[in-house]
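A.B. asks: So that we are looking at the same thing, I have put the structure below in structure tokens.
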Amino acid sequence: MKIKTSLSVVIRILLWVFLLIGGSIIGILYDAYDPVWHSCIFHIISFILGYIILVFAFRSAANGGRELKKGRVGDIPRLETNHLVTTGIYSCMRHPMLFGLTLLPLGTALVIGSPTFISIVAPIEMVFIIFMVVVFEEWEVRKKFKEEYEEYASKVPMVSFKKECLEKLFGKIKKSMDR
């Protein structure tokens, strides 16, 4: 099975993988002699919290991705759009998937149970991801959709912490009939 996608998307996916694996390795190396690293109670609590956060991160990706799929008309690369999506969760916030996926480093750090990854590396990676969204993602969509996006951006915030928006973002994944 050949998956078509753009170089930009491939680079972003590889960057995510690099951040998560790199953060894990750095955390484990720095925590080898940390007494917290050797605490079973810490690892159990950390794993449970990390699992919950990862569920929310992947729900945001699935819910946002399902809505974003409406922006794909014709034969275009996977994970790309050629129509601006402003419905569903995108009526609440402009970058819902990336907002949710910003939780990936923290969730991964908690599952691994690395105090260094949790307290230092994951927050740095999360800030880096937010920076990437603000700079590159915004630049790309402004370039692609021009005035239509400018008007949308003037009405809809990048992220929203309103209860109804978070429910749309992190709510249970609804099965789609169009696969």
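A.B. asks: Out of all the residues in region 45-90, which are in contact (Cβ under 8 Å) with a residue 40 or more places away in the chain and on the phi > 0 side of the Ramachandran plot?
C.D. replies: Across region 45-90, the qualifying residues are 79, 88.
A.B. asks: State which residue is farthest from the chain's Cα centre (by Cα) when the search covers only region 99-138 and only residues that are in a loop (DSSP other than H, G, I, E, B) and of a type in the set (S, T, N, Q).
C.D. replies: Here is the first cut: in region 99-138, the ones in a loop (DSSP other than H, G, I, E, B) are 102-103, 113-114.
Remaining after also requiring of a type in the set (S, T, N, Q): 102, 114.
Working: 102: 4, 114: 21 Å.
Out of the qualifying residues, it is 114.
A.B. asks: Sort out which residues of region 135-150 are surrounded by 16 or more Cβ atoms within 10 Å (Cβ to Cβ) and either modelled with pLDDT of 90 or more or hydroxyl-bearing (Ser, Thr, Tyr) (or both), and write them in order of number.
C.D. replies: As a first pass, look at region 135-150 and keep what is surrounded by 16 or more Cβ atoms within 10 Å (Cβ to Cβ): 137-138, 141, 145, 149.
Answer for region 135-150, where residues must be surrounded by 16 or more Cβ atoms within 10 Å (Cβ to Cβ) and either modelled with pLDDT of 90 or more or hydroxyl-bearing (Ser, Thr, Tyr) (or both): 145, 149.
Condition check ((1) surrounded by 14 or more Cβ atoms within 10 Å (Cβ to Cβ); (2) of a type in the set (A, V, I, L, M); (3) over 21 Å from residue 120 (Cβ atoms); (4) touching a helix residue (DSSP H, G or I) at 6+ places or on another chain (Cβ under 7 Å)) across all residues:
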{"site": "36", "(1), (2), (3), (4)": "yes, yes, no, yes"}
{"site": "41", "(1), (2), (3), (4)": "no, yes, yes, no"}
{"site": "48", "(1), (2), (3), (4)": "no, yes, yes, no"}
{"site": "56", "(1), (2), (3), (4)": "yes, no, yes, yes"}
{"site": "66", "(1), (2), (3), (4)": "yes, no, yes, no"}
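A.B. asks: Residue check, residue 104 against (1) touching a residue at least 60 places away in the same chain (Cβ under 8 Å); (2) surrounded by fewer than 16 Cβ atoms within 10 Å (Cβ to Cβ), all met but one. Which one?
C.D. replies: If we test residue 104 against (1) touching a residue at least 60 places away in the same chain (Cβ under 8 Å); (2) surrounded by fewer than 16 Cβ atoms within 10 Å (Cβ to Cβ), just (2) comes out false.
A.B. asks: I would also like to ask the following. State the number of residues belonging to region 113-147 that are closer than 21 Å to residue 45 by Cα and out of contact with any His (no Cβ under 9 Å at 6 or more places or on another chain). Full working, then the answer.
C.D. replies: Going through region 113-147, the residues closer than 21 Å to residue 45 by Cα turn out to be 113-123.
When the remaining residues are screened for being out of contact with any His (no Cβ under 9 Å at 6 or more places or on another chain), the result is 114-123.
The qualifying residues number 10.
A.B. asks: Could you please let me know if residue 59 is under 16 Å from residue 153 (Cβ atoms) and under 14 Å from the mean Cα position of the chain (by Cα)? Give the derivation first.
C.D. replies: Working: under 16 Å from residue 153 (Cβ atoms): no; under 14 Å from the mean Cα position of the chain (by Cα): yes.
When the stated conditions are applied, residue 59 does not pass them.
A.B. asks: Same structure, new question: For the list (1) hydroxyl-bearing (Ser, Thr, Tyr); (2) farther than 30 Å from residue 39 by Cβ; (3) in a helix (DSSP H, G or I), I need the number of the one condition that residue 160 fails.
C.D. replies: So residue 160 meets the others, but not (3).
A.B. asks: Next question, about the same structure. When region 18-66 is examined, which residues are found to be small (Gly, Ala, Ser) and in a helix (DSSP H, G or I)?
C.D. replies: 22, 23, 24, 27, 46, 50, 57, 60, 61, 62, 64, 65 - these are the residues of region 18-66 that are small (Gly, Ala, Ser) and in a helix (DSSP H, G or I).
A.B. asks: Moving to a separate point now. What tally of residues in region 147-157 results from selecting those that are in contact (Cβ under 8 Å) with a residue 12 or more places away in the chain, part of a helix (DSSP H, G or I) and touching a helix residue (DSSP H, G or I) at 6+ places or on another chain (Cβ under 9 Å)? Break it down stepwise before answering.
C.D. replies: Restricting attention to region 147-157, the residues satisfying the condition of being in contact (Cβ under 8 Å) with a residue 12 or more places away in the chain are 148-149, 152-153, 156-157.
From the residues that got through so far, the ones that are part of a helix (DSSP H, G or I) too are 148-149, 152-153.
Next cut, touching a helix residue (DSSP H, G or I) at 6+ places or on another chain (Cβ under 9 Å) only: 149, 152-153.
Of the residues in region 147-157, 3 are in contact (Cβ under 8 Å) with a residue 12 or more places away in the chain, part of a helix (DSSP H, G or I) and touching a helix residue (DSSP H, G or I) at 6+ places or on another chain (Cβ under 9 Å).
A.B. asks: Of the residues in region 72-88, how many are under 14 Å from the mean Cα position of the chain (by Cα) and either at pLDDT 85 or above or under 23 Å from residue 154 (Cα atoms) (or both)? Please lay out each step first, then the result.
C.D. replies: Just the residues of region 72-88 that are under 14 Å from the mean Cα position of the chain (by Cα), to begin with: 79.
Narrowing further to those that are either at pLDDT 85 or above or under 23 Å from residue 154 (Cα atoms) (or both): none.
Counting residues in region 72-88 that are under 14 Å from the mean Cα position of the chain (by Cα) and either at pLDDT 85 or above or under 23 Å from residue 154 (Cα atoms) (or both) gives 0.
The values are calculated or read from the model by the stated rules, or taken from the named source; none is laboratory data. In this text the structure is predicted, and so the values were computed from the model without any measurement. Neighbour counts are summed over all protein chains in view; Cβ atoms, including those assigned to glycine, are modelled from backbone coordinates with ideal geometry.
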